[in-house]
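A short worksheet on the structure shown next.
The values are calculated or read from the model by the stated rules, or taken from the named source; none is laboratory data. Quick caveat: nothing in here was measured; it's all calculated off a predicted structure. All Cβ positions, even for glycine, are placed from backbone atoms using ideal geometry, and neighbour counts span all protein chains on display. Note: accessible area is taken over every heavy atom of the protein model, side chains too, but ligands, DNA and RNA are not part of it. Shrake-Rupley method; radii C 1.70, N 1.55, O 1.52, S 1.80 Å.
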Amino acid sequence: MKLTFLGTGTSCGVPTIGCQCYTCTSTDPHDKRLRCSALIETAQTRLLIDCGPDFRQQIMPQPFRKIDGILITHAHYDHMGGMDDIRPYCQFGEINVYADPIARQNMLEMLPYCFAENRYPGVPAIQLHEIHKHEPFRIGDLDIMPLEVMHHDLPILGYRITQLDAQLSPLASLVYITDMKTIAEEEVAYVENCDTLIVNALRQQPHHSHQTLDEAVLFAQRINARQTWLIHSSHHIGRHAEVNASLPEDIQMAYDGQVITI
Ligand SMILES: [Zn+2]
Ligand SMILES: [Zn+2]
Ligand SMILES: [Zn+2]
């Protein structure tokens, strides 16, 4: 399976509007971070994780073909603000969107016109599925296991995604977690020993609702991930090349447009 990082930045993106700091003035393209989202593809299946306000710009360079499902992590604007822009993809059929009860309710309130009785022609056709932690489901050849992490006091979803072969045996798995501050002990079994971990690392200084860089590194080591890619970083973290040089080879910051094979 292939994963493309469509965005690796925190809620305001990098550079931050109006900022002249060392990171925001970098000319290195690796220091330009759109809001967090990822595209996961196999020969059969194409999934989007989150659909933030940069979705239109992020998806434009990608081949225009069906998206089989959108997995929502939580109901914050930087993860859902681009939902109206999925309209062109509805020509392939209704879009299946998967969200926990809180995010589902928020989506109904954010896009009431998509769920109205008499819908205005041309609005996104969304099939909204309520999902729950530890209740796995399948999309094409991908097995999706939702798990719970805490974003300060808000429970949100992370996902363990496993590609299955024709006999439904697991081939490889990735764990995608964003906006985590803490994780309960009973969730650890769902994330341990994955091939690839994608997890948030905001900056070096503590934050009430996001992991720091050190916390992300400790988490990756604790769950024994083979390779870890860090996302949802702010300009405070510094420049991509310098941060990566300070990190072990198996724990590195991702960048927008990066493609990895799992
Ligand atoms: Zn966020
Ligand atoms: Zn800055
Ligand atoms: Zn958030």
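Quick notes
- Between GLY52 and GLY82, the built amide H atoms are under 5 Å apart, and every one of these is 5 or more places off in sequence or on another chain.
- The 3J(HN,Hα) values that the Karplus relation (6.51, -1.76, 1.60; θ = phi - 60°) gives for segment 145-158 are, in residue order, 10, x, 9, 10, 10, 9, 10, 6, 9, 9, x, 10, 9, x Hz. Gly and Pro appear as x.
- Solvent-free Debye scattering, log10 I(q)/I(0), computed from the Cα coordinates of segment 1-78 at q = 0.11, 0.26, 0.27 Å⁻¹: -0.32, -1.24, -1.30
- Under the convention that each Lys and Arg Cβ holds +1 and each Asp and Glu Cβ holds -1, the size of the dipole of segment 78-130 around its Cα centre is about 160 debye.
- Based on protein heavy atoms only, the chain ends up with 44 Å² per residue of surface accessible to a 1.4 Å probe.
- Ligands, DNA and RNA left out, the 1.4 Å accessible surface of the chain is 51% carbon and sulfur atoms.
- Summed residue charge, Cβ within 9 Å of LYS133's Cβ, Lys/Arg positive, Asp/Glu negative: -4
- Gyration tensor verdict on segment 92-137 (Cα atoms; rounded if a/c is under 1.5, prolate if a/b is larger than b/c, oblate otherwise): oblate
- Fraction of beta bridges assigned by DSSP in segment 90-210 that are antiparallel (%, nearest 5): 70
- Coil-residue trypsin sites (Lys or Arg not before Pro) of segment 188-262, DSSP, other Cβ within 10 Å capped at 14: ARG226
- Taking every DSSP beta bridge that has both ends in the chain, the antiparallel portion is near 60%.
- Extension gain, ARG119 back to ASP214 (0.36 nm per residue minus Cα-Cα distance, nm): 29.4 nm
- Cα gyration tensor shape of segment 178-250, rounded if a/c is under 1.5, else prolate or oblate by comparing a/b with b/c: oblate
- Calculated on the Cα set of segment 104-261, radius of gyration then Dmax: 17.8, 56 Å.
- Scalar couplings 3J(HN,Hα) for segment 233-244, obtained by applying the Karplus form with A = 6.51, B = -1.76, C = 1.60 to θ = phi - 60°, are 9, 9, 4, 5, 6, x, 7, 3, 5, 6, 5, 5 Hz; x denotes Gly and Pro.
- Cα gyration tensor shape of segment 214-262, rounded if a/c is under 1.5, else prolate or oblate by comparing a/b with b/c: oblate
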